[in-house]
Structures are given as structure tokens and as C-alpha cells.
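The values are calculated or read from the model by the stated rules, or taken from the named source; none is laboratory data. These numbers were taken from a predicted model, which means no experiment stands behind them. As a convention, Cβ positions derive from the backbone with ideal geometry for all residues, glycine included, and neighbour counts pool all protein chains shown.
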Amino acid sequence: MRYMIAAAAALATAAVAAPVHANEGRAEVRGGVFFGGGTEEASVGAAVGYDWSLSDTVIFGLEASADKVLDGFYDSVSFGLSGRLGANVGPALVYATGGYQSEPCDICGDAWSGGAGAQFGISESAYLKAEYRHYFTDGGRPDFDAVLVGVGFAMQ
């Protein structure tokens, strides 16, 4: 719960920020918490992506990511490929996201995810974002969730 409060505070701080643009690449660093199956672990990661304008307010984007859970049990980096569909609502880009994530540890399974997020431009090229994802795992393992916050830069 404390991670959700921190994410909400970061987004509220950015509520008066610049609008988010599309038809450009982006790169970000992020951190947060993965939880589920009786465990809660911090994580760090990075992502690169590209967003296309579908209309004046609607975007579609693709993203490749690498995340590392900061616990010795999760000994590998989890790689992901996801998409997002969103709309500019006031100063924010609000979006739904989903995709595939490789296994974060030797005995973990790959996962499909679905979630939602919000991204706020803080300058012409920088942004803050917060995102929630639910991971649907395979092989009878418990599903897990993640709350992530990040800072990124748009590249034209």
C-alpha cells in the first residue's frame, strides 16, 4: 500500500505538467515493487519504446523492457515486450498496457501481463510515469503484481 501512495504522490506532483506527445521514441528508468505469492520485492529496470498518434488524442505504442528484482532468489533479468493504447486526458497520457515478460528467476515461469498507467510530461522531452501491472504466470505458479514509477525522456 505504501508504494501505491508514493506513486500517487509522484503523479499528483506532475499534474500541472506539459502534455505528452506522440510519434516519437522514448527511454526510461524505473523502479518499484513486485508482490504476490507471499513475497514483496523491490525492482529496478529500464525500457525503450515508440508511440504513434492514431488521432489528436489517442496513441498506440510498443515497448521493450528489462527489469531486475533486487532479491538474490531472482537471479536473472526479466525481458519484456508490451504494447499500450492510451489517450491524452488533460496533462496526462492515460493508457492500458499488456504484453509478455520472460522469467525473472530460474524456477519462475514466463508471464503475460495487463495493466494501466499514467504518464505526465514535465518538460518538452522529459516525463514521469506510474504503472500497475498484473502478471498471469504459467505452470501453476501464483500470479503476481507490480507497481512501478519511472522517469523518461522523449527522443525525436
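Annotations
- Qualifying residue in the stretch 79-94 (condition: modelled with pLDDT of 90 or more, in contact with a Lys or Arg (Cβ under 9 Å, 6 or more places away or on another chain) and not charged (D, E, K, R)): yes
- Residues that are in a strand (DSSP E or B), farther than 17 Å from GLY80 by Cβ and hydroxyl-bearing (Ser, Thr, Tyr), drawn from the stretch 25-65: THR39, SER53
- Test for TYR100: is it of a type outside the set (A, V, I, L, M), farther than 20 Å from GLU24 by Cα and in contact (Cβ under 8 Å) with a residue 40 or more places away in the chain: no
- GLU103 vs. criteria within 18 Å of ALA46 (Cα to Cα), surrounded by fewer than 22 Cβ atoms within 10 Å (Cβ to Cβ) and modelled with pLDDT under 90: yes
- Here is the figure for the stretch 11-46: residues that are closer than 13 Å to MET155 by Cα and modelled with pLDDT of 85 or more total 6.
- Residue check, LEU128 in a strand (DSSP E or B), at pLDDT 90 or above, touching a strand residue (DSSP E or B) at 6+ places or on another chain (Cβ under 7 Å) and farther than 29 Å from SER76 by Cβ: no
- Hey, ALA126 within 11 Å of the chain's Cα centre (by Cα) and not hydroxyl-bearing (Ser, Thr, Tyr) or not: no
- Residues that are in contact (Cβ under 8 Å) with a residue 60 or more places away in the chain and either in a strand (DSSP E or B) or among the small types (Gly, Ala, Ser) (or both) were ranked within the stretch 103-125; the one that is nearest to VAL48 (Cα to Cα) is GLN119.
- Near pairs, Cβ below 7 angstrom, 6+ apart or cross-chain, from the stretch 33-55 (in contact (Cβ under 8 Å) with a residue 60 or more places away in the chain and surrounded by 15 or more Cβ atoms within 10 Å (Cβ to Cβ)) to any residue that is acidic (Asp, Glu) and assigned to a strand (DSSP E or B): VAL33/GLU40; VAL33/GLU41; PHE34/GLU41; GLY36/ASP145; SER43/ASP67; GLY45/ASP67; ALA47/GLU28; ALA47/GLU63
- Candidate set from the stretch 106-118 (those that are modelled with pLDDT of 90 or more and not hydroxyl-bearing (Ser, Thr, Tyr)); member that is farthest from ARG133 (Cα to Cα): ALA118
- A count restricted to the stretch 129-156 and to residues that are crowded, with 21+ Cβ neighbours inside 10 Å and over 13 Å from the mean Cα position of the chain (by Cα) stands at 1.
- Sole residue being out of contact with any His (no Cβ under 6 Å at 6 or more places or on another chain), within 18 Å of GLY38 (Cα to Cα) and at pLDDT 95 or above, chosen from VAL69, VAL151, VAL147: VAL147
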